[in-house]
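The next block holds one structure in the form of structure tokens; read it before the comments.
Only the coordinates and a few stated rules stand behind these numbers; no lab work does. Only a predicted model underlies this, so the values are computations on that prediction, with no experimental measurement involved. Backbone-built Cβ (ideal geometry, glycine too); neighbour counts: all protein chains shown.
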Amino acid sequence: MRQILTALALCLSLGAPAHAQLVIEGRDAQALHCAAMLFMVSSEMFDAGFISRNTRDSAQQAALIMLERVPGTDQQRTQAMSQRFERIMSSRSPEELFNEYASTANWCRRNILN
């Protein structure tokens, strides 16, 4: 799991779009979206001082557990997560991001983590 987090951080820090050669559909796409939302929101909330580092780290570990449900290699999942981040950030304001997370977090927890 630490390798996924390291690879994910590296992809995000590079800022270059990654191109996964993997089609993710259905429940797998929902898991990817839930993972991306949780990872991003926890990072934003920590950066804004709303949650502790431990809370952020726990949330991001849960996001990585969700990501493990997505098919493909670690590299493909990391690329898919990076692409999902880009799509979310280019199509939502921070307020829209938080509202979407608030409305979907319980569903993600019930249907993806369990």
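Before moving on, here are some points about what is shown:
- Mean projected area of the Cα convex hull of the stretch 20-114, taken over all directions, amounts to 5.9 nm².
- Two-site FRET efficiency, residue 69 against residue 47, from Cβ-Cβ distance with R₀ of 25 Å, rounded to 0.05: 0.40
- Net charge contributed by nearby residues that have their C-beta within less than 12 Å of residue 91 (K/R +1, D/E -1): 0
- Dipole orientation for the stretch 26-113: of the candidates 41, 70, 85, 70 has the Cα lying most toward the positive pole (charges on Cβ; Lys, Arg +1; Asp, Glu -1).
- Shown for 64, 32: other C-beta atoms within 10 Å of each C-beta, ranked fewest to most, produce the order 64, 32.
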